[in-house]
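Below: one structure, written as structure tokens.
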Amino acid sequence: MGKPAVKTAVLTSSRADFGIYLPLLAMLQSDDAFDLEIIAFGTHPVEKYGYSLQQILDAGLNVAYSFATAPLDDTPADISKSMALVNERMADVWKEKPYDLVFALGDRYEMFSAVASAMPFNLKIAHIHGGETTLGAIDNAFRHSITHMSHWHFACTEEYKDRIIELNASSERAYNTGSLGIDNLRQMHFMDAAALKQKSGVDFSIPSLLITLHPETIGFEDNIRNTDQMLMALGELKGYQQVITMPNADTSGLMIREKLTSFALNRSNVKLVENFGTQGYLSAMKLATLMLGNSSSGFMEASHFPKWVINLGHRQDGRLRTPNIIDVEFSKDKITEAVNKAAISPLPAFPPAYGDGHAAEKIVKILKNEFAID
């Protein structure tokens, strides 16, 4: 008789981390060595955030648990209460299901709470995207804390693996596998402009800016000014369709949503999108003239095409810079100048920074070796 399947849980709290997980989920689901279950929380079951739980169900994955833990508002108190709710709900999950392996990805506050709740149960966490640094977000503290609580570490660059080793004072079970995001891109069947228009209603045959603005969660009191400066710049930029994906459920996130919604009124060239889906978003990135904002996708995924990225402010300070990144302060004049210059400038050639597109295979191979599975 063979070894029993490894009871495996994957924690996912938003459309963003689920999209990154996809290549790994496909491999785990197709391998009898793993008994895969999804734990979907955060914004997944919430209609106003796009009900991304449907994407998980459409992928044919086994959703063992689903509960909404998104904050009711965007104040620090609401975020803190949301974290407590995650901890409480997850404690019941861990009590009921003694998983052998739990995947956690990234750095968000709700992911931190889910992992922290597993610690008294002595569960083994496999952390993806550790070792990175984002000095302009409280996510930095959450990411490094998850690293300290994790058993396996799957970094996407050698530099990030080295930081994990530094944090843990040990190289044990720390690996540079490359990024699952690059796996996604290597395997992706991209939609052309016509197909994407049919799916999303947005026509990328028109020169388009793909824009995502998240709050800077350190110094969040500056988010009103930052948002106003970006919107004033967008108001002056002519000749582009402006496609804006909506922000995360962070402190000040609702304020940004309200300002974006107000800005889009009576502007036919501005399109607000709650959830493109993974294929749709990556296809939009490929088709866009350039990217603008402060999303982490402007660092990893955008380097693959490559695509010019106007990175605003300090949310992503500390991340690896590739030559397609242009860092700009939240200043109307500097933003418009950077967009206009990038739009007519050729992109420099540079080597891949985030692996060879086989991260999922490497992760599964490492874990099979750990669990002594042939």
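Pairs meeting the criteria (first residue in the stretch 94-110 and farther than 15 Å from Ala64 by Cα, second residue aromatic (Phe, Trp, Tyr) and assigned to a helix (DSSP H, G or I), beta carbons under 7 Å, at least 6 apart or on different chains) are Leu105/Tyr21; Asp107/Phe142; Arg108/Phe142; Tyr109/Phe142. Scanning the stretch 226-257 for residues that are modelled with pLDDT under 95 and of a type in the set (Asp, Glu) turns up just one, Asp250.
Being among the polar types (S, T, N, Q) and modelled with pLDDT under 95 is not true of Ser283.
Restricted to the stretch 232-340, the set of strands (runs of 3 or more DSSP E) holding at least 2 residues that are closer than 27 Å to Gly42 by Cβ comprises 241-245, 270-273, 290-293, 309-312. When the test is whether a residue is over 27 Å from Tyr354 (Cβ atoms), crowded, with 17+ Cβ neighbours inside 10 Å and assigned by TED's automatic domain parsing to the domain that holds Glu337, Thr217 does not pass it.
For the stretch 165-179, check the following and say yes or no: at least one residue is free of Cβ contacts under 8 Å to residues at least 60 places away in the same chain, farther than 27 Å from Met285 by Cα and assigned to a strand (DSSP E or B). Yes, there is a match, as at least one residue in the stretch 165-179 is free of Cβ contacts under 8 Å to residues at least 60 places away in the same chain, farther than 27 Å from Met285 by Cα and assigned to a strand (DSSP E or B).
Residues in the stretch 281-294 include none that are aromatic (Phe, Trp, Tyr), over 23 Å from Gly178 (Cβ atoms) and outside the structural domain of Leu135 (by TED's automatic domain parsing). Scanning the stretch 98-134 for residues that are charged (D, E, K, R) and either modelled with pLDDT of 95 or more or not assigned by TED's automatic domain parsing to the domain that holds Asp162 (or both) yields Asp100, Glu110, Lys124.
The values are calculated or read from the model by the stated rules, or taken from the named source; none is laboratory data. Keep in mind that this is a model prediction, so the values were computed, not measured. Every residue, glycine among them, receives a Cβ derived from its backbone with ideal geometry; neighbour counts consider all protein chains shown.
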